[in-house]
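Here's the structure we're looking at; comments come further down.
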Amino acid sequence: MGKLILLTWLFCYILNTISGAELPGDVQKCSFGNSTCLVRSINTLIKLHPKGIPAIGLPPLDSYHFPDTVVLDSPNRPIYLNFNMRDNVNKGFENTTVTHVEGFLREPNQKQILIKAHLPRLLHLATYDLEGRWLFCHKTSGTLQSDFQDFRVTLTLKVILEYRNNKRYLKVYDLVPSIYLGRWIIWFDDLFKENFDLTVAMNAVFNRHWVEFWNELHPGLKKSFSNGFTTILNRVFENVAYDDMFLPDR
């Protein structure tokens, strides 16, 4: 019986030891709610770890894969366009500068959590599937490249606390991104597979009227960014206990 008790105690000790990952030693911990310190600490983490930190679940920031996305779906209309993206890769998050942080209090639900950030350039590569009916029916697929310039985003987070092994873990259950672009340059390969000149002409139209094009596709793209950012944050929050991210209360 004594050996059984000892083994049980050792099992519980090991489980509690390995259940939570720790932030790297080169990342400064801050007091709860210290926005200035949090901005500095997050920017340091991004600068020092562009390839991510597998131990805490942070993926590579220089080449991050977003989930597949239905950007536009408008069937059963005389004029419609269905636009899907897959194999999404975003390059440039390692150049992110966080400019403002709110929330992250001792009790995280006491105040709304906001994160504001700026990227000089975000490059997005994907495979697209496009089907539409205008003056004629058209269906095609190919690769695309998006260049989001002067990319500014505000993330508004809704979170809950989960308890595991006597520790608190944060989980994002709703994330709303507000995105501002200085310019959007996009290129669709093979829009018209047998007519390269028409492909060039149509891409020129997209880029000449990029604001209108962005406004039309914004809801679907916003959902894609929401899913991607939620995945990044929750991977870290799942591995590192909330209290372990901050200095202990004095």
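The values are calculated or read from the model by the stated rules, or taken from the named source; none is laboratory data. All of these numbers come straight from a predicted model, not from anything done at the bench. For neighbour counting, all protein chains shown are included, and Cβ atoms are generated from backbone atoms with ideal geometry for every residue, glycine included. These area figures cover heavy atoms from the full protein model, side chains too; ligands, DNA and RNA do not enter into them. Shrake-Rupley method; radii C 1.70, N 1.55, O 1.52, S 1.80 Å.
Worth pointing out:
- Any hit, the stretch 199-211, residues being out of contact with any helix residue (DSSP H, G or I) (no Cβ under 7 Å at 6 or more places or on another chain), outside any helix (DSSP H, G or I) and free of Cβ contacts under 8 Å to residues at least 60 places away in the same chain: yes
- Every test in (1) open to solvent by 20 Å² or more (accessible area, probe 1.4 Å); (2) among the small types (Gly, Ala, Ser); (3) not in a strand (DSSP E or B) is passed by residue 220 save one, and that test is (1).
- Those strands (runs of 3 or more DSSP E) lying entirely in the stretch 85-189 with at least 2 residues open to solvent by 20 Å² or more (accessible area, probe 1.4 Å), among the charged types (D, E, K, R) and at pLDDT 90 or above: 113-133, 137-164, 167-180
- With respect to the conditions (1) modelled with pLDDT of 90 or more; (2) part of a helix (DSSP H, G or I); (3) not acidic (Asp, Glu), residue 227 falls short on a single one, namely (1).
- Qualifying residue in the stretch 200-212 (condition: buried (at least 19 other Cβ atoms within 10 Å of the Cβ) and closer than 26 Å to residue 72 by Cβ): no
- Applying the set (1) under 18 Å from residue 234 (Cα atoms); (2) in contact with a helix residue (DSSP H, G or I) (Cβ under 6 Å, 6 or more places away or on another chain); (3) at pLDDT 90 or above to residue 38 leaves exactly one unmet item: (2).
- Look at the stretch 34-52: where a residue is outside any helix (DSSP H, G or I) and a partner is surrounded by 15 or more Cβ atoms within 10 Å (Cβ to Cβ) and of a type outside the set (D, E, K, R), sitting 6+ places away or on another chain with Cβ atoms under 6 Å, you get 50/61; 51/60; 52/58; 52/59; 52/60.
- Among the residues of the stretch 48-74, the ones that are open to solvent by 60 Å² or more (accessible area, probe 1.4 Å) and modelled with pLDDT under 90 come to 6 in all.
- Residue in the stretch 234-247 that is open to solvent by less than 20 Å² (accessible area, probe 1.4 Å) and among the small types (Gly, Ala, Ser) present: yes
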